Amino acid sequence: MAAAPENVQIRVHSRRGVNTIHPVSVESPHPAAAASPAANYREVKHFKKWFPWLIPTFVVANVVMFIISMYVNNCPKNSISCVAGFLGRFSFQPFKENPLLGPSSSALGKMGALDVAKVVDKHQGWRLITCMWLHGGVFHLLANMLSLLVIGIRLEQEFGFVRIGLLYLISGLGGSLLSALFIQSNISVGASGALFGLLGAMLSELITNWTIYANKLAAFTTLVVIVAINLAVGILPHVDNFAHIGGFVSGFLLGFVFLIRPQFGWVNQRYAPISPAGYSSAASPAGYSSTSRAANPKFMAYQRILWLLSLILLVVGFTVGLVLLLRGVDLNDHCSWCHYLSCVPTSKWSCNTQPISCQAEQTGSQYTLTCSNSSKSRSYSLLNPTATQIQGLCAQLCR
């Protein structure tokens, strides 16, 4: 399994990141069909393999968006110093400002990062979607894209591009929505909400198609452990675990809706070889008549119940979440302990989420910046600096 996906928080001066056992496609003719030349065999399409093209397209789109972000960032023009300056306009922000080898927070904001103040006050709801296609740096991009290839291609092969594409996008929206309701003082970017949606869908697919798995307990245990490890990584600072949780829950529910499979009994009955007389040429097991075989349901009762309940929860959850967000509700005010789901403070790190800001004093070409959070102070010799340069120096000073 690839490295755990992470949604990275980039702090800015603001007003306010498995192996399962899938059924094998039934592609060879039934023995009775091979024995009888007159038998009519029909291909089982419910378990065919799809050619995966959408997930690789998503990967390319994310890489392209990162390149565009670096072009917009233009470090040599907007920063005092840059990493890998030989890249020119595509060089990276200083490590102290962005240790992931990427653009500045202001550049990500211009590209569509999730900024709750702009979503609520300026009605820029599209940021809930665009933030899924942005990444904080090279390391962030590589981790998420490797995970997407490992998880997504297998799912697209099994279920097709339509269902997996919708699952990816809706899960990403769910992750952005929960993140916006809890983290309102920083911007957030990354595809890991959608990635956790794919993990959640794998778990619900295992549950809803339980009867067709051979090693049920092993597959379930493996997947649960992988999900738990990925979510545990989210309690580290600068990682948006609310996006992980929101994406996972959305994907888990969507898996019951999109990834339901018909029962093998129904498939065998439907695609059994047909004799010229119009009757199934497959021999019925001892003690079972053709009438009892015809009674095989396409979906079990528990599959139908899970489908309906999940659909209701999804509609209600997204509706309530969007209403609360557009009203400017901060769920931290109603849940005093929920912030621990995204970051647990220890002696090694702090979970301070206050936005970064600095006071600037100018004396000729000398600028003295004082961090409002830590009272750190430093003087810089600058000639007509831009606001972006001052903001970058502030970010370096306060970290």
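Observations
- For Lys118, the lysines whose Cα comes closer than 19 Å to its Cα, not counting residues fewer than 8 places off in the same chain, are Lys110.
- Taking other C-beta atoms within 10 Å as the exposure proxy, Lys118, Lys96 rank Lys96, Lys118 from fewest upward.
- Compared with the direct C-alpha span, the chain from Ile235 to Ser374 gains 47.7 nm at full extension, assuming 0.36 nm per residue.
- When each of Arg327, Arg304, Arg154 is scored by the number of other beta-carbon atoms lying within 10 Å, the sequence from fewest to most is Arg327, Arg304, Arg154.
- Ordering of 209-215, 245-251, 330-336 by burial proxy (mean other Cβ atoms within 10 Å per residue, highest first): 245-251, 209-215, 330-336
- From least to most packed, judged by other beta carbons within 10 angstrom and beginning with the fewest, Phe258, Phe161 follow the order Phe161, Phe258.
- In plain terms, the chain from Lys298 to Ser365 could stretch by 16.5 nm, reckoned as 0.36 nm per residue minus the Cα-Cα distance.
Taken together, the values in this text are just the output of simple stated rules run on the coordinates, not laboratory data. These numbers come from a predicted model, not from an experiment. Counting neighbours? That spans all protein chains shown, and the Cβs are built from the backbone with ideal geometry, glycine included.
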